[in-house]
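Q: Provided herewith is a single structure, encoded as structure tokens, for subsequent inquiry.
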Amino acid sequence: MFRKSSGIMQADSASPDHELKDELYEQHRFVADRGQEPLRIDKFLLNRLEGISRNKIQNAIRAESVLVNGHPVKSNYRVKPLDVITILLDSPPHELVSEPENIPLHIIYEDDHLVVINKQAGLVAHPAPGNYTGTLVNALLYHFNQLARGTSPIRPGLVHRLDKDTTGLMVIAKDEFTLMHLANQFFKRTIKRNYTALVWGDLPDEAGTISGHIGRNLRYRKIMDVFPEGEHGKEAVTHYRVIERFGYVTLVDVQLETGRTHQIRVHMAHIGHPLFNDATYGGDRIVKGTVYSKYKQFVQNCFTVLPRQALHARTLGFYHPVLQKELFFESPLPADFEALLDKWRNYVRVKK
């Protein structure tokens, strides 16, 4: 049975807090010995991966998250000498345990296998040191009886994340097979994701692509940085297209080819166009424009209207592994983002 919902599940109180961490999934790679005797792929992996059940490995195989020499295989495949085997799994378990909390969730779609939510600002994905409660995971545990557990008790259902103050669409898995299949889609870059962002400056081109490896800043580990290829970090590719220009700021549509931590924020800052009011990457000051008091006051008022980075995950498309069809969702800009754009439109109109 499947049901759709557009309502908001209300709560008594909420205390969302803090920031997000690294990738949720990692790829394990093994090369079979020259003397490897024929052995079922699930048994081969069970012998080499600690703390993992045979059922979890079989779910990964069904979701085509197990590759031999670059190709997905069935569970009865027998490993041969020098086979290169890779498996995509969520990261190792964490010592924290999440508890249910009555926090509101805006549910866009729900069926027996997954949920799509429209995440509000101020809600971090999962508990971490210094951030033990008031997270999306705490809310999910309260509102849903069934969530995919993966191998981590602090991240049930999570396939991907949005930063604490980024709003928009997220998909949550209810069972292990769905989680594995969706994770594989993210890994293969077949997920369709578009974001709306307001960035500082007047972009020189109508569209462009930003390429640059992203990794943790070598001095300040809480922020990310762009590095030359092969030096540090992981490959990251961001495409953008101008939607509307306001002279000092530009509204853009952003499409992710990869999904690194803070990718849009760090890539746009790297090319000199940080997100509006992004305190982490220098967007919470006047980056473009005059220093006159009237303009300065206007920008400060804009910061008050949208007290966070101007970033919204507007669309999300993926293949439903059980229904076996493509699903696509779109979320309108939140009210504070729209109010910010109205202020800039009025400013440009009066200035003319």
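Q: Taking the 0 to 90 degree range and rounding to the nearest ten, how far is the long axis of helix 293-305 tilted relative to the main principal axis of the chain, both from C-alpha atoms?
A: Roughly 40 degrees between the two axes.
Q: Could you list, in their original order, any pairs among K119/K288; K164/K351; K174/K222; K80/K234; K164/K188 whose Cα atoms are separated by more than 27 Å?
A: From K119/K288; K164/K351; K174/K222; K80/K234; K164/K188, over 27 Å: K119/K288; K164/K351; K174/K222; K80/K234.
Q: Which percent, to the nearest 5, of DSSP beta bridges fully inside the chain are antiparallel?
A: Counting DSSP beta bridges with both partners in the chain, the antiparallel share is about 95 percent.
Q: For L39, which sequence-distant residues (separation of 5 or more, or a different chain) have an amide H within less than 5 Å of its own amide H, given hydrogens modelled in the peptide plane?
A: Distant-sequence amide H within range of L39: V79.
Q: Next question. Taking the Cα centre of the range 214-333 as origin, work out the dipole magnitude from +1 charges on Lys and Arg Cβ and -1 charges on Asp and Glu Cβ, in debye rounded to 20.
A: Dipole of the range 214-333, to the nearest 20 debye: 520 debye.
Q: Report Rg/Rh for the range 272-314, rounded to two decimals, where Rg is the Cα radius of gyration and Rh the Kirkwood radius.
A: The Rg/Rh ratio comes out at 0.98.
Q: Further question: For the range 115-248, just list the percent of Cα-Cα distances falling in each 10 Å bin from zero outward, please.
A: Cα pair-distance distribution for the range 115-248, in percent: 10, 30, 37, 19, 4.
Q: What ranking do 195-202, 288-295, 328-335 get when scored by the average of other Cβ atoms within 10 Å per residue, highest first?
A: Ranked from most to least packed, the peptides come out as 195-202, 328-335, 288-295.
Q: Given only helices, namely DSSP H runs of n ≥ 4 each adding -39500 (n - 2.57), what is the per-residue ellipticity at 222 nm of the chain, to the nearest 500 deg cm²/dmol?
A: -6500 deg cm²/dmol
Q: Can I ask one more? Calculate the spin-label point distance for F328 paired with L82, positioning each point 7 Å from the Cα along the beta-carbon direction, and give it in nanometres.
A: Rounded to a tenth, the inter-label distance reads 4.5 nm.
Q: When the Kirkwood hydrodynamic radius is evaluated over all pairs of different C-alpha atoms of the range 41-90, what value in angstrom, to one decimal, is obtained?
A: 10.8 Å
Q: Mind checking the per residue accessible area of the chain for me, 1.4 Å probe, whole number of Å²?
A: Ligands and nucleic acids excluded, the result is 47 Å² per residue.
Q: Give the dimensionless ratio obtained when the Cα radius of gyration of the range 137-214 is divided by 2.2 N^0.38 Å.
A: 1.41
Q: Oh, and also: Report, to the nearest whole %, how much of the accessible area of the range 206-320 belongs to carbon and sulfur atoms, 1.4 Å probe, protein only.
A: Exposed carbon and sulfur together represent 50 percent of the surface.
Q: Using the Cα centre of the range 160-290 as origin and beta-carbon charges of +1 (Lys, Arg) and -1 (Asp, Glu), tell me which of L275, A197, A183 is placed farthest towards the positive end of the dipole.
A: A183
Q: Can you give the Kirkwood hydrodynamic radius of the range 206-322 from its Cα pairs, in Å with one decimal?
A: This gives a value of 15.7 Å.
Q: Any idea what the relative contact order of the chain is, in percent, if you count C-alpha pairs under 8 Å spaced at least 6 apart?
A: 15 percent
Q: Here's another thing I want to ask about it. Just want the answer: with Cβ charges of +1 for Lys and Arg and -1 for Asp and Glu, which residue in H143, V242, V254 is farthest toward the dipole's positive end in the chain?
A: V242
Q: Moving on to the next point. For the chain, what is the Kirkwood estimate of the hydrodynamic radius, computed as the reciprocal of the mean inverse distance between distinct Cα atoms, to one decimal in Å?
A: 21.8 Å
The values are calculated or read from the model by the stated rules, or taken from the named source; none is laboratory data. Since the model is a prediction, treat every value here as computed from it, not as a measurement. Methodologically, a virtual Cβ is constructed for each residue, glycine included, from the backbone with ideal geometry; neighbour enumeration extends over all protein chains shown. What goes into the accessible areas is simple: the full protein's heavy atoms, side chains included, and nothing from ligands, DNA or RNA. Shrake-Rupley method; radii C 1.70, N 1.55, O 1.52, S 1.80 Å.
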